[in-house]
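Inspection log for the structure reproduced underneath, given as structure tokens.
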Amino acid sequence: MIVKPEIMRGGLVKNPHPIGCKAVVEKQINYMKSLPKFSNKKRALIIGGSSGYGLASRIALAYGADADTISVSFEPGVNDKRLGSAGWWNNIWFKEQAEKDGLIAKNIIGDAFSDEVRQQTIDMIKKEFDGKIDILIYSLASPRRTDPKTGITHSSVLKSTVGEIAAPTLDLNKQIIVDGKMMAATKHDIDETIKVMGGEDWQLWIESLKEAGVLADGFKTTAYSYDGADGTDAIYKKGTIGAAKRHLEKTALTLNNELHDLQGEAFVTVAKALVTKASAFIPLFPLYGCALFKVMKELGTHENTIEQIDRFMRDMLYGNKRITDEVGRVRPDNLEMDDNTQILTNAIMSKMTSENFKEISDFAGFYQDFLELNGFNVAGVNYDASIDIDTLKSKQP
Ligand code: NAD
Ligand code: NA
């Protein structure tokens, strides 16, 4: 079978390219291998470790801190209709390489919001990690969450908390700018989004793990967030997702207190805007991203996912160059938030039209990152070669 990027309605790619996904994972691993270690050996749990910031965190910890890792993610495998998801393959390829490199790498595939998966994870920590973890990275992005206490399924929405607002965006499929609007959120919409993307589940994880006695002295945990500036405020800070992130920040303070007796810490990490499965379809975001990438590449401050996470962990998580803001959030997004960078980004955004956006912004770079999410257009991969599905099918995460 030959796999080409087949973009479906809504912009999702039908099949990932399994071999291309392998190349993308290897690229990140090789980047980390080229750098000195940033910490002594760790035992890490990554919730949402199959793609985006979670996968980069897993790779950075494995190769920057010799970390044995457990990752929890929700990814479909190969079936009659689809070749699995990119995250499915990322799990497989990461594990294969990490094991070759002498590290423990375990993948738990299931609903991270469920008590069952939490218990399965605790059992695995006891069995594989001498009963302790040193760090938990919380990197979930999900449209839905079933509350394990009530059994009720909540759905997050992308709506505005300041009334209906314009939110033009880039249609990555048709490659045009399209008008759009963000509808006004009701109180119910805000509550629902907080239920899914706020801090409740992170707190359940940390409290269950602590109760089970599997947190090591000096244990650290962080959850990723985005803050944004003028270019994304309408959908982010002033959106339902922003409300959920404020809840996450409050949770961090609670958890930080609960970890005092372990000399541990909990904080929110505000990371830079990047193309991921979760971010590519947020209104406005692609326009902002294309403009931002242009500016940051010109200024020499652009970082891709692994570069951003490596700097965060090296300087701020384990190093002594931590940048903390007035509400206690750690800020590796400092280069994105730089005043001059924002002024230049806004200037480009205000000029972007369907006719000129490919010239005046870094659409090419943004689109390349989008293709790479599913393993396409990666240097060194032969896309004309047929993929042996039967051999690949036998691989399990
Ligand atoms: P992503 O889509 O690449 O990763 C999401 C992960 O969550 C995947 O591993 C997926 O398998 C997992 N997941 C989703 N639902 C699950 C479930 N029910 N059970 C188990 N696993 C589940 O997204 P991402 O962009 O890396 O986002 C991760 C975090 O980073 C989010 O909190 C996001 O707000 C934050 N962040 C993203 C950006 C950005 O620009 N992409 C910037 C700053 C912060
Ligand atoms: Na992730």
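The values are calculated or read from the model by the stated rules, or taken from the named source; none is laboratory data. Keep in mind that what you see is a predicted model, and the values were worked out from it rather than measured. Here Cβ is always computed from backbone atoms with ideal geometry, including for glycine, and neighbour counts include all displayed protein chains.
Within the group S139, S114, which residue is surrounded by 18 or more Cβ atoms within 10 Å (Cβ to Cβ) and among the polar types (S, T, N, Q)? Reasoning before the result, please.
Details: S114 fails: surrounded by 18 or more Cβ atoms within 10 Å (Cβ to Cβ).
Exactly one residue qualifies, and that residue is S139.
Looking for something over 29 Å from P36 (Cβ atoms) and surrounded by fewer than 22 Cβ atoms within 10 Å (Cβ to Cβ) - is there at least one such residue anywhere in the range 301-318? Within the range 301-318, not a single residue is over 29 Å from P36 (Cβ atoms) and surrounded by fewer than 22 Cβ atoms within 10 Å (Cβ to Cβ).
On the basis of being within 14 Å of ligand 1 (Cβ to nearest atom) and touching a residue at least 24 places away in the same chain (Cβ under 8 Å), does I104 make the cut? It is false that I104 is within 14 Å of ligand 1 (Cβ to nearest atom) and touching a residue at least 24 places away in the same chain (Cβ under 8 Å).
Among the strands (runs of 3 or more DSSP E) confined wholly to the range 167-232, which include 1 or more residues that are within 30 Å of D123 (Cβ to Cβ), aromatic (F, W, Y) and in contact with a helix residue (DSSP H, G or I) (Cβ under 7 Å, 6 or more places away or on another chain)?
On the way: elements: 169-171, 176-178, 215-225.
Counting at least 1 such residues, we get 215-225.
On the basis of being buried (at least 20 other Cβ atoms within 10 Å of the Cβ), touching a residue at least 60 places away in the same chain (Cβ under 8 Å), under 30 Å from T345 (Cα atoms) and within 23 Å of the chain's Cα centre (by Cα), does A266 make the cut? Full working, then the answer.
Numbers: buried (at least 20 other Cβ atoms within 10 Å of the Cβ): yes; touching a residue at least 60 places away in the same chain (Cβ under 8 Å): yes; under 30 Å from T345 (Cα atoms): no; within 23 Å of the chain's Cα centre (by Cα): yes.
Spelling it out, it is not the case that A266 is buried (at least 20 other Cβ atoms within 10 Å of the Cβ), touching a residue at least 60 places away in the same chain (Cβ under 8 Å), under 30 Å from T345 (Cα atoms) and within 23 Å of the chain's Cα centre (by Cα).
The residues on offer are H302, H247, and the sole one that is of a type outside the set (K, R), at pLDDT 95 or above and part of a loop (DSSP other than H, G, I, E, B) is H302.
For the range 278-299, a residue qualifies if it is outside any loop (DSSP other than H, G, I, E, B) and of a type in the set (V, I, T), and exactly one does: V295.
So that you can scan it fast, the table gives a plain yes or no per residue for (1) in contact with a Ser or Thr (Cβ under 6 Å, 6 or more places away or on another chain); (2) touching a residue at least 24 places away in the same chain (Cβ under 8 Å); (3) closer than 18 Å to A44 by Cβ; (4) not in a loop (DSSP other than H, G, I, E, B):
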| position | (1), (2), (3), (4) |
| --- | --- |
| A60 | no, yes, yes, yes |
| E75 | yes, yes, no, no |
| N90 | yes, yes, yes, yes |
| K95 | no, yes, yes, yes |
| E116 | no, no, no, yes |
| D123 | no, no, yes, yes |
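Among what's in the range 359-397 and is part of a helix (DSSP H, G or I) and free of Cβ contacts under 8 Å to residues at least 40 places away in the same chain, pick the residue that is nearest to A23 (Cα to Cα).
Of the residues in the range 359-397, the ones part of a helix (DSSP H, G or I) are 359-360, 363-373, 389-393.
Those still in the list that are free of Cβ contacts under 8 Å to residues at least 40 places away in the same chain too: 359, 364, 368, 390-391.
Working: E359: 29, A364: 20, Q368: 14, D390: 20, T391: 18 Å.
Ranking the candidates gives Q368 first.
When you look at A67, is it small (G, A, S), within 14 Å of ligand 2 (Cβ to nearest atom) and closer than 23 Å to D217 by Cα, yes or no? So A67 fails the test. Candidates T254, T232: the one that is polar (S, T, N, Q) and surrounded by 19 or more Cβ atoms within 10 Å (Cβ to Cβ) is T232.
Here's the yes/no breakdown for (1) within 16 Å of ligand 2 (Cβ to nearest atom); (2) surrounded by 19 or more Cβ atoms within 10 Å (Cβ to Cβ); (3) over 18 Å from A141 (Cα atoms); (4) at pLDDT below 95:
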{"residue": "Q28", "(1), (2), (3), (4)": "yes, yes, yes, no"}
{"residue": "K42", "(1), (2), (3), (4)": "no, yes, yes, no"}
{"residue": "S57", "(1), (2), (3), (4)": "yes, yes, no, no"}
{"residue": "Y63", "(1), (2), (3), (4)": "no, yes, yes, no"}
{"residue": "E75", "(1), (2), (3), (4)": "yes, yes, no, no"}
{"residue": "G87", "(1), (2), (3), (4)": "yes, yes, no, no"}
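K14 meets all of the listed conditions (1) within 16 Å of ligand 2 (Cβ to nearest atom); (2) surrounded by fewer than 23 Cβ atoms within 10 Å (Cβ to Cβ); (3) more than 20 Å from I125 (Cβ to Cβ) but one, namely (1).
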